[in-house]
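Everything below concerns the one structure shown next.
No lab work stands behind these numbers, since they all come straight from the coordinates. Only a predicted model underlies this, so the values are computations on that prediction, with no experimental measurement involved. Please note: Cβ atoms are built from the backbone with ideal geometry, for glycine as well, and neighbour counts cover all protein chains shown.
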Number of protein chains: 2
Amino acid sequence: MFPDTQLPEINAALAASTAAFGSYQFSSLQQRASLLRAIARELDAIGPQIIETAQGETNLQRGRLLVEFRRTLFQLTSYADACEQGNWLDIRIDQPDSERQPPKPDVRKMLVPVGPVVVFGASNFPFAYSTAGGDTACALAAGCTVVVKAHPGHPATSQLAADAIHRALAGEGLPAGVFQHVYGASFEVGKQLVLHPQVKSVGFTGSFQGGRALFDLAASRKEPIPVFAEMGSVNPVFMLPGKLGAETEWAVNQLAASITTSVGQFCTNPGLVVGIQGPALENFIQALGQKLAETEPEPMLHSGIAQSFRQKRAAVIAGGKITLAGTNETGGEGFSIPTLATTSGENFLAHPHLHEEIFGPYSLVVQCNDAAQMAAVAQALEGQLTTTLIATPAEAAEHIELVHILQARCGRLVFNGVPTGVEVCLAMNHGGPYPATTDSRFTAVGADGIRRFARPFCYQNWPDHLLPTELQNANPLGLWRTVNGELTKSGIGE
Amino acid sequence: MFPDTQLPEINAALAASTAAFGSYQFSSLQQRASLLRAIARELDAIGPQIIETAQGETNLQRGRLLVEFRRTLFQLTSYADACEQGNWLDIRIDQPDSERQPPKPDVRKMLVPVGPVVVFGASNFPFAYSTAGGDTACALAAGCTVVVKAHPGHPATSQLAADAIHRALAGEGLPAGVFQHVYGASFEVGKQLVLHPQVKSVGFTGSFQGGRALFDLAASRKEPIPVFAEMGSVNPVFMLPGKLGAETEWAVNQLAASITTSVGQFCTNPGLVVGIQGPALENFIQALGQKLAETEPEPMLHSGIAQSFRQKRAAVIAGGKITLAGTNETGGEGFSIPTLATTSGENFLAHPHLHEEIFGPYSLVVQCNDAAQMAAVAQALEGQLTTTLIATPAEAAEHIELVHILQARCGRLVFNGVPTGVEVCLAMNHGGPYPATTDSRFTAVGADGIRRFARPFCYQNWPDHLLPTELQNANPLGLWRTVNGELTKSGIGE
């Protein structure tokens with residue numbers, strides 16, 4: 001029903017995308033914001049149908065899908081607001097000085113779109129990180145045209161979203177080429193897209209293997225292009241004994257929910273919990289293990305994900321370096337196996353395979369001998385999207401070295417909470433050092449994600465009336481601009 | 001006298017750099033600014049000595065070196081000011097909402113340093129893009145430690161600058177490990193640096209071959225790291241007949257100076273001039289050719305650069321697709337050969353080797369049949385640092401399609417000027433699409449270059465007194481921050 005798009009159609013899609021970029025790159029902030037809002041409206045209008053379709057394709061529960069659907073609409077409308085506000089343009093104007101020797105020129109800079117962007121839909125977010133998801137919204141806000149490769153796990157859902165985007169484009173009087181939609185179950189389609197000379201940037205959410213392969217392809221091009229791949233992580237939670245002892249039940253409930261929500265299929269799922277041996281940690285492990293043993297197995301996103309989860313879980317158990325603290329194996333093939341495992345600090349430090357993500361409701365508790373070993377465990381970690389500290393404020397202050405180690409390894413540091421639940425807001429950073437992403441200098445969530453698909457561009461001594469509206473003396477859009485080093489909304493010469 | 005640094009010393013330098021990063025990353029904006037100003041003072045104190053040394057090592061004239069030296073001091077002090085002002089931190093704070101379901105967290109984001117940075121000194125800027133140059137200043141402002149590989153063309157000059165930096169570090173009470181200096185005439189040293197696992201980012205100014213090789217190495221790592229390589233370009237100047245006819249002499253004088261200043265050894269040297277056949281262009285070519293024929297040959301930076309210039313010039317002449325319009329071959333080995341060549345639009349479009357940079361005082365005038373062919377020539381160009389339009393405002397408005405083609409291919413668009421003379425100011429963009437640089441999303445000149453070496457990081461629900469000063473409610477530093485989507489200098493709760 002959704003066969004892989006073939007090379008001639010991929011070439012046609014990129015030709016259309018490139019042609020549409022010719023005009024769309026010069027669309028006003030208002031036009032782009034209006035388009036994003038129109039996409040949200042068109043999606044909202046087919047809400048019941050698209051949610052039902054996604055339910056059928058992904059095994060995700062209706063309630064979970066509804067939350068994600070609303071989040072997707074919120075992303076579109078809040079990025080529209082940020083796009084229109086224009087702070088993301090990073091406008092800088094330095095005025096000339098003809099008296100200086102040599103004369104100082106008039107220089108004006110803003111961000112401009114990089115060109116056609118390829119976005120890969122994610123399997124675990126059929127709305128928020130797929131066809132009409134965050135990457136698409138950011139690229140359209142930046143002024144880029146977009147080619148989405150639908151995730152093969154939910155092609156019909158993706159098609160409904162693509163149709164909504166095309167209705168929105170038509171309603172806004174914009175060319176259909178601004179958005180193109182292709183299908184591909186094989187890696188070949190993704191490869192052809194990333195290697196296509198007219199593609200200027202790539203957005204990806206998915207596995208480490210997939211993200212790294214696309215990064216390598218993009219780097220191998222005659223003209224290398226940036227790849228922002230968000231590849232997940234184990235999101236370690238470090239627990240200090242004072243807080244854990246005082247609020248064991250709270251910690252157990254928080255972690256149990258975070259590990260099992262949406263069948264553990266979040267890139268911010270806490271796959272690693274690190275504590276210091278003692279009664280508080282023992283109670284915690286026992287209670288959390290019991291919670292997971294009581295958690296009903298559920299169908300996973302698709303059979304490939306369930307198979308991968310079960311294989312990796314079986315392999316780590318067979319490795320003999322962990323002990324099960326609570327699990328529920330009553331589900332059949334295609335179902336999750338909620339699992340809490342535990343190991344020693346020594347084992348964790350000696351066996352790097354224990355550091356790897358097992359995508360699904362699995363978490364490993366590392367029992368350290370003392371704070372020094374806990375710091376060593378933190379030091380041994382690779383880059384993460386998030387790290388979390390569960391501690392009293394006094395404990396956090398006492399263990400500031402640990403805090404610094406955690407900070408160096410992540411993009412977001414959570415205090416007394418859980419890593420799941422990525423708030424869509426400007427201050428959010430959903431990114432982090434490799435291998436959490438392929439470029440720690442950008443975020444995948446929040447309106448700052450627009451910058452992934454833009455580049456600075458400056459005009460020197462350009463006549464005012466030929467400049468983009470955003471850079472003209474009068475500042476007709478009332479934007480924040482840095483003029484001669486100072487932020488202001490005033491026009492020049494006022 | 002300056003033998004290649006060997007692997008054990010490189011490892012020691014990176015170990016010291018990593019250790020120093022442990023504390024330097026948390027230095028205050030004031031401390032970093034104070035360090036940059038101290039480096040400027042220490043350099044200024046050895047001004048006569050370092051300029052004389054550079055004169056001996058580079059063949060650059062004293063006047064040219066003095067300008068570059070002052071520029072280097074200005075970079076250090078102006079980036080210090082920008083560092084302290086703190087706008088580059090991109091601070092965003094979104095306040096919590098405990099009433100919302102689920103509760104909205106407190107999220108606060110700012111840029112933090114990426115880690116130890118390797119900087120490669122440039123051959124053509126012994127001060128401004130070498131040991132104490134722009135990349136070093138940006139990385140130190142970002143809070144990164146720096147390892148510089150001195151350019152083998154001017155090691156003694158570099159050593160003097162490195163000593164000055166170490167005196168500044170000592171004076172500021174900062175560890176010597178913040179700055180490390182190594183030597184390498186062979187590519188092996190650069191390779192070992194870029195592949196070193198503790199290096200987190202690379203800054204490079206130099207040839208396309210060198211920059212691409214470093215980019216490929218960095219992408220091949222287990223943990224890929226970003227490389228900002230500024231690799232030069234031909235900086236095409238497009239001239240429309242109205243303006244050219246009205247101000248031929250002005251255009252000739254501007255271009256002649258831009259092509260020959262500093263023996264043409266600038267990455268913004270205009271290596272390509274594009275006009276439309278007619279009397280104005282004929283007069284321009286004749287007069288500019290005469291100017292170049294009258295320009296005295298001068299010694300180039302070093303023998304390798306002179307050899308490369310002469311070989312490439314000879315090859316393009318031997319290719320038979322160009323005609324010489326003015327040249328001065330009276331200089332001996334090691335000297336430049338000022339050269340103006342000319343070709344037809346057809347030839348330029350049919351022979352891509354004519355598009356390549358010949359680093360030195362060489363420029364090629366393309367004589368197009370008409371505006372359509374001029375647009376085709378623009379379309380055929382690769383990414384550039386700059387493009388320039390010489391036109392009346394009315395001509396620019398008439399040829400807006402040409403302007404758009406030029407914009408898509410560069411980082412800076414100059415009107416009725418020349419590309420040389422890169423103003424050091426916040427609004428400057430010294431970057432551009434590949435192959436001008438390896439990452440068009442950043443600039444090498446201006447304080448925004450600090451962002452190359454920083455990444456966003458956010459705190460979620462972190463206690464106010466444990467946050468960095470920059471993010472605390474009271475805003476004790478009085479920084480511009482985006483709070484709940486609005487830019488403000490106010491503290492929170494005021």
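Just counting partner chain Cβ atoms within 10 Å, what average do the residues of peptide A:101-114 show around their Cβ? If you can, show how the numbers build up before the last one.
Details: counts 0, 3, 3, 3, 9, 3, 10, 2, 10, 2, 1, 4, 1, 4.
Shielding by partners across A:101-114 averages 4.
What would the Debye equation give as log₁₀ I(q)/I(0) for the protein assembly as shown at q = 0.06 Å⁻¹, counting only Cα atoms as equal point scatterers?
Computed log10 I(q)/I(0) values: -0.44.
Would you please give the residues with an amide H less than 5 Å from that of A:V483, counting only those at least 5 places away or on a separate chain, with H modeled from the backbone geometry?
A:I93, A:T488
Sequence gap at least 6, Cα distance under 8 Å: using those rules, report the relative contact order of the range A:237-415 to the nearest whole percent.
On the way: 323 pairs, mean separation 48.6, N = 179.
RCO, the range A:237-415: 27 percent.
Need one value for B:439-448: mean number of C-beta atoms belonging to other chains within 10 Å of its residues' C-beta atoms.
Working: counts 6, 11, 13, 3, 4, 0, 0, 6, 2, 5.
Taking all residues of B:439-448 together, the mean is 5.
If you stretched the chain out fully between A:A397 and A:A170, how much longer would it get, using 0.36 nm times the residue separation minus the C-alpha to C-alpha distance? Intermediate results must be reported in sequence, preceding the final value.
Values: separation 227, 0.36 × 227 = 81.72 nm, distance 5.62 nm.
Difference between extended and current length: 76.1 nm.
How much of the DSSP bridge set in the protein assembly as shown is antiparallel, in percent, rounded to the nearest 5?
Values: 40 of 126 bridges.
So the antiparallel bridges in the protein assembly as shown amount to around 30 percent.
How many angstrom separate the Cα center of the range B:1-56 from the Cα center of the range A:66-135?
36
Pop out the ³J(HN,Hα) list for the range B:172-183 in order, Karplus 6.51 cos²θ - 1.76 cosθ + 1.60 with θ = phi - 60°, rounded to Hz; leave Gly and Pro as x.
These are the phi-based 3J(HN,Hα) values: 8, x, 9, x, 4, x, 4, 10, 10, 9, 10, 10 Hz.
Which of the aspartates and glutamates could a cross-linker span from B:K321 if the Cα-Cα distance has to be under 14 Å and same-chain partners fewer than 8 positions apart are dropped?
B:E346, B:E356
Span-like helices, chain B: DSSP H, alpha-carbon axial extent 30 Å or more, mean Kyte-Doolittle -0.5 or greater, which ones?
Span-like helices, by this rule, are B:62-85.
Counting only C-alpha contacts under 8 Å and six or more residues apart, can you give the relative contact order of the range B:178-243 as a whole percent? Each step should come with its number before you reach the end.
Values: 59 pairs, mean separation 19.7, N = 66.
With pairs under 8 Å counted, the relative contact order is 30 percent.
Taking H placed 1.01 Å from N in the peptide plane, check which residues at least 5 places from A:D106 or on another chain put their amide H under 5 Å from its amide H.
A:N461
Report the relative contact order of chain B, percent, no decimals, based on alpha-carbon pairs under 8 angstrom and at least 6 residues apart. Let's see the in-between values first.
Working: 1070 pairs, mean separation 87.7, N = 494.
So the answer I get is 18 percent.
HN-Hα J couplings of the range B:469-486 from phi, Karplus 6.51/-1.76/1.60, θ = phi - 60°, integer Hz, Gly and Pro as x?
3, 4, 9, 5, 3, 5, 6, x, 8, x, 7, 5, 9, 8, 10, 6, x, 10
With n ≥ 4 as the cut-off for DSSP H runs, can you work out [θ] at 222 nm for the protein assembly as shown, using -39500 (n - 2.57) per run divided by the number of residues, rounded to the nearest 500?
Values: 32 runs with 398 residues, N = 988.
That comes out to -12500 deg cm²/dmol.
Output ³J(HN,Hα) for the range A:455-467: one whole-Hz value per residue in order, computed from phi by the Karplus curve 6.51 cos²θ - 1.76 cosθ + 1.60 with θ = phi - 60°, and x for Gly and Pro.
So the Karplus estimates, Gly and Pro as x, are 9, x, 8, 10, 9, 10, 6, 7, x, 3, 6, 9, 6 Hz.
Tally Lys/Arg at +1 and Asp/Glu at -1 over every other residue whose Cβ is under 12 Å from the Cβ of B:S220; what's the total? Write out the running numbers ahead of the final one.
Numbers: positive: A:R212, B:K191, B:R221, B:K222; negative: A:D216, B:D216, B:E223.
Neighbourhood net charge equals +1.
Can you tell me the order of B:16-24, A:349-357 when each peptide is scored by its average per-residue count of other Cβ atoms within 10 angstrom, highest first? Working shown, then result.
Values: B:16-24: 19.9, A:349-357: 15.2.
In decreasing order of mean packing, B:16-24, A:349-357 become B:16-24, A:349-357.
May I ask for the net charge around A:I91, where only other residues with Cβ less than 13 Å from the Cβ of A:I91 are counted and Lys, Arg are +1 while Asp, Glu are -1? Don't skip to the end; give the middle numbers.
Values: positive: A:R92, A:R108, A:K109, A:R481, A:K489; negative: A:D90, A:D94, A:E470, A:E486, B:D448.
Around A:I91, the surrounding residues sum to 0.
Long-range amide H contacts for A:V414: which residues qualify at under 5 Å (H placed 1.01 Å from N, peptide plane, sequence gap of 5 or more or a different chain)?
Close amide H contacts, sequence-distant or interchain: A:T387, A:T388, A:L389, B:Q460.
Please go through the residue pairs B:K109/B:K149; B:K109/B:K200; A:K109/A:K222; B:K191/B:K222; A:K200/B:K191; A:K109/B:K291 and name each one whose alpha carbons sit more than 23 Å apart in this structure.
Working: B:K109/B:K149 33 Å; B:K109/B:K200 21 Å; A:K109/A:K222 28 Å; B:K191/B:K222 15 Å; A:K200/B:K191 28 Å; A:K109/B:K291 34 Å.
Among B:K109/B:K149; B:K109/B:K200; A:K109/A:K222; B:K191/B:K222; A:K200/B:K191; A:K109/B:K291, the Cα-Cα distance tops 23 Å for B:K109/B:K149; A:K109/A:K222; A:K200/B:K191; A:K109/B:K291.
Taking every Cα atom in chain B, find the radius of gyration and the maximum pairwise distance Dmax, and write them in Å.
24.4, 82
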